Amino acid sequence: MQVYTCRKLLHCNMLKQILSKIPRKSSKSDSFDSAGIGTTKWDNAAPCTKGGNSFSSRLNVVKHVSSAVFPSSIMTGVEAVEPHVSFKDVSNQQKQNLFISKLNFCCKVFNFNDPDKIVAQEDIKRQTLLELVDFVSSGSAKFTEPAITAMCKMCAINLFRVFPPKYHSNNTVWEKEDEEPMFDPDWSHLQCVYDLLLRFVSYVDPKVAKKYVDHAFVMRLLDLFDSEDPRERDCLKTIMHRIYGNFMVHRPFIRKAVGNIIYHFIFETESHNGIAELLEIFGSVVSGFALPLKEEHKMFLWRALIPLHKPKSVGVYHQQLTYCIVQFIDKDPKLAGIVIRGLLKYWPLTNSQKELMFVSEIEEILEMTSMDEFQKIMVPLFRRIGCCLNSSHYQVAERAHFLLNNERILNLIAQNRHVIVPLLFSALERNTQNHWNQAVLNLTQNIRKMLCEMDEELMVTCQRKLEEEDSLSSLKAEKRRLTWERLENAAGFQSSADKILAPVKPAVCSVAC
C-alpha cells in the first residue's frame, strides 16, 4: 500500500512538470486588439487602460504594478513600473519601462465640464504629460514597438472624439468673423498630448511606426480639423505637415483625404472650421511638387481649389487659397488661363466683399501670367474689369482702378492696347459722367490721362466711336419712342370707337332656376 502511494505521488509530480512546460493561451482581455490597438478602429469608445482612481504619492523606489493595470501585450518583455515615479529616480535601464507606464497612465480621460471633477487628479495627469514631453524632447526616449503602440493608444484615446452638432452654426462668414472663437475646456491636457504627438512623429522611425500611424489614424487626425478651437487646429496643422514630410507612404492618401474633405465642404455642407489650415498645409505641399506636374495635381486644382471660390465663407480661407493657386502657377505658368477662367465662372455678382477678394487675386495672378496665356483670356477678363470700374460700390471701383495702375499689368495692356482700351474706354467715360464718388472720379481721370499718353490716337478713335454709338443709340431710342406713341394713339382711337358702339344686352336664361 505504501509503495502504491509513492508511485501515485511520483506520477502526479511528473504530470505537473509536463503541464507546466506547455505554453498557456493568453486570454482575450489581455490581447492588444481588445484595447483598440493594432487594428484600424481608432475609436475613443474602445476601453482604455486606467491607472486606478486612487493616486499614490511619488516614491523614491520603483514599485512593480500588476499586469491588470497594463495589458500584457503592451508590456511584453517590459518590466512595468509605478507611473508616478520621476524619471530622475530610476536607473537608465528602467526609464524606458517608466516611459511606457506613464503613457498608459495618461489614458484616463477627464470630463472638464463635470462639476464633481477632482482637480488634483487632473493636475497629476497634466504633470505626467509634461514629464513625457520633456523626456521625449531630451532624446532619452526610445521608440520601440511597445512604446509606439502605447503612444498611439494614448493619443487616440485623448484626441479622437466627435464634435457635437451644435458647434456648426448657419451664420454667414461676416457674422462668424465677429464671433468669439470657442475654446475647448480640455485644452490644458490636449495641448500636452499634441506636443507629445508632434515630437513623436518627428523622432520616430517611419518604417516602424507606419504599422500604427496608419491610414485610419491619419484620417481621424484630419477629422479633428473641424474643431472650433483655433489652437487645436494650429497644432494639427503642424503635426499633419510633419507626418506628410516624414511618412512618405501616406502622402497620396493624405492628398486624397484632404480633397474629399474639400469636396464635401463645397458641394454638400459649406460648413467646416479647418479649411484654412488644410489649405496652408497643401500650399507647402504644392511648392514641393516635382516638374512636370502630374495630371492628378492639375485635376485637384480644377476640381477642388477653383470651386473653393464659390462658398459664402471664402473670406475665411481666401488668403491660403490664393497662396495655393499662386504656387500652382509658379510651377506651371500655363495654368494661369485655366485659373482666370475659373474665377470668371464663379465671379460674385451681388457680394461686394467677395468681389474685392477676386480683384486682388486676379492682380496677383496677372503678375505671373505670360503674354501667350494673357492673350487667351484678356477679352472676357477686361470686360469684367470694366464692370468693376463702373461698380456703384466705391471700394470695388477703386480696387479695379488700382489694378490698372500695376506696372506689370499696365505693360500687358500697352502691348495689347488695340483690344483692351476699347473694352475699358466706355466704362471710364460712364464713370466721368455718372459716378457718385469723388475718389473714383479722380482715379478715372488719372487712368484716362495715362491711356492718352500711351496712345492718344487710339483714345481719339475710341472717343469718336463711342460718340457714334451714342448717336445711334439716341436714334434708336427716338424711333422706339415714336413707335410707342403711334401704338398708344391707335389704342386710344380704338378705345373711343368702343364707346360709340351700343352696349350688348346680356342673354336671358330661358331655363327656370
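The values are calculated or read from the model by the stated rules, or taken from the named source; none is laboratory data. What you see is a predicted model, and the numbers here were worked out from it, not measured in a lab. Positions of Cβ are generated from backbone atoms using ideal geometry, with glycine treated the same way; all protein chains shown enter the neighbour counts. Please note that ligands, DNA and RNA were not included when accessible areas were found on the heavy atoms of the full protein model with its side chains. Shrake-Rupley method; radii C 1.70, N 1.55, O 1.52, S 1.80 Å.
Only a single criterion out of (1) assigned to a helix (DSSP H, G or I); (2) out of contact with any Cys (no Cβ under 7 Å at 6 or more places or on another chain) is not satisfied by PHE289, namely (1).
PHE289 - would you say it is open to solvent by 10 Å² or more (accessible area, probe 1.4 Å), touching a helix residue (DSSP H, G or I) at 6+ places or on another chain (Cβ under 7 Å) and hydrophobic (A, V, I, L, M, F, W, C)?
yes
Residue pairs whose Cβ atoms lie under 9 Å apart, sitting 6 or more positions apart in sequence or on different chains, and linking a residue in the stretch 417-439 that is in contact (Cβ under 8 Å) with a residue 12 or more places away in the chain and open to solvent by 50 Å² or more (accessible area, probe 1.4 Å) to a partner that is of a type outside the set (A, V, I, L, M, F, W, C) and assigned to a helix (DSSP H, G or I), are VAL419/GLN375; PRO422/THR461; PRO422/LYS465; THR432/THR444; THR432/GLN445; THR432/ARG448; TRP436/TYR394. Condition (residue is farther than 20 Å from GLU467 by Cβ, surrounded by fewer than 15 Cβ atoms within 10 Å (Cβ to Cβ) and of a type in the set (Asp, Glu)) applied to the stretch 403-414: is it met by at least one residue? Yes; the residues of the stretch 403-414 include at least one that is farther than 20 Å from GLU467 by Cβ, surrounded by fewer than 15 Cβ atoms within 10 Å (Cβ to Cβ) and of a type in the set (Asp, Glu).
Is it true that TYR323 is assigned to a helix (DSSP H, G or I) and crowded, with 17+ Cβ neighbours inside 10 Å? Let's see the steps before the verdict.
On the way: assigned to a helix (DSSP H, G or I): yes; crowded, with 17+ Cβ neighbours inside 10 Å: yes.
Criteria met by TYR323.
Which count do you get for residues in the stretch 201-229 that are assigned to a helix (DSSP H, G or I), of a type in the set (A, V, I, L, M, F, W, C) and under 25 Å from the mean Cα position of the chain (by Cα)? Can you show your working first?
Of the residues in the stretch 201-229, the ones assigned to a helix (DSSP H, G or I) are 201-203, 206-209, 215-226.
Adding the requirement that they be of a type in the set (A, V, I, L, M, F, W, C) leaves 201, 208-209, 216-219, 221-222, 224-225.
Among the residues that remain, those that are also under 25 Å from the mean Cα position of the chain (by Cα) are: 201, 216-219, 221-222, 224-225.
Qualifying residue count, the stretch 201-229: 9.
In summary, VAL78 fulfils each of the numbered conditions (1) open to solvent by less than 40 Å² (accessible area, probe 1.4 Å); (2) at pLDDT 80 or above with the single exception of condition (2).
For ILE385, the test of being under 15 Å from GLY337 (Cβ atoms), under 33 Å from the mean Cα position of the chain (by Cα) and surrounded by 19 or more Cβ atoms within 10 Å (Cβ to Cβ) is failed.
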